[in-house]
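The structure under discussion appears below in the form of structure tokens.
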């Protein structure tokens, strides 16, 4: 999109036209296959036990501090939670299945789905210790972005988090999101007030961000020890340049 404004008959600046724009389709409840992981709409019978076991590898409950649910003291409590996730259409929750083990090791969701305006948010990102800092964890984000932009033609992809959640804000920056500001006292959750940090990627930015992800995920980017040779943020920045 150009930054040069258009003007109407009253000499007022207006946004760029979108000739032929039509509402986009809702995200389908279908798997997305990647090289390192596969995204599957959550099936409580298929995924609940694996997800509970994966989350149980954490030494404490700190991963749930900024989430609306959890931590879960036993499988029954997680099963009830996963049952609600699987029944939801917005958010549309996905299990992240590690291709190497065939087991679900985390979740994320498309949410606040707005087909009329082509806007969607990624949220409810819950990575177990088995998924953090892995190629599969990064690829899961890429696969969901690719569905939104390339498959469905959405114009805007959002990331929001508690403004105090430093890890989430770092992740958004690493994935190529642009910080847009703080919505003060936006949410009440867990009996406390939350300021919300907003981030986004637009369709015009997506091609460069996509190239950065593809370069990072390439097997050639990893040495014999599995360490990446070039960082994702650096690759995205280079693609943008």
Dividing the mean separation of Cα pairs under 8 Å (6+ apart) by the residue count of region 108-182 yields a relative contact order in percent of 29
Separation between Cα centres of region 69-108 and region 140-163, rounded to whole Å: 19
Under the classification rounded if a/c is under 1.5, otherwise prolate if a/b is larger than b/c and oblate if not, where does region 108-189 fall, given a ≥ b ≥ c as square roots of the Cα gyration tensor eigenvalues? oblate
Relative contact order (percent) for the chain, with alpha-carbon contacts under 8 angstrom and 6 or more residues of separation? 15
Nearest 10 degrees, 0 to 90: helix 44-55 Cα axis against the chain principal axis: 80
In nm, the gap between the two label points placed 7 Å beyond Cα toward Cβ at residue 180 and residue 101 is 3.5
Max mean-square fluctuation residue, GNM over the chain, Cα-Cα springs under 10 Å, options 143, 130, 18: 18
Could you work out how far helix 135-146 tilts from the main Cα principal axis of the chain, as a 0 to 90 degree angle to the nearest 10? 40
Mean Cβ-within-10 Å packing, highest first, puts peptides 36-43, 7-14 in the order 36-43, 7-14
Test of understanding: in a Gaussian network model of the chain with alpha carbons linked when under 10 Å, which of 189, 127, 175 would top the mean-square fluctuation ranking? 189
Subtracting the Cα-Cα distance from 0.36 nm times the residue separation, let me have the gained length for residue 35 to residue 112 in nm, one decimal. 24.9 nm
Checked region 28-240 with the C-alpha gyration tensor, a ≥ b ≥ c its square-rooted eigenvalues, rounded below a/c of 1.5, otherwise prolate if a/b is larger than b/c and oblate if not; verdict rounded
Under the rule of -39500 (n - 2.57) per DSSP H run of 4 or more residues, summed and divided by the residues of the chain, what mean residue ellipticity at 222 nm is obtained, to the nearest 500 deg cm²/dmol? -8500 deg cm²/dmol
Based on other C-beta atoms within 10 Å, arrange 198, 21, 159 from fewest to most. 21, 198, 159
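Each value in this text was obtained by applying a stated rule to the coordinates, not by laboratory testing. Remember, predicted model here, so these are calculated numbers, not experimental data. Positions of Cβ are generated from backbone atoms using ideal geometry, with glycine treated the same way; all protein chains shown enter the neighbour counts.
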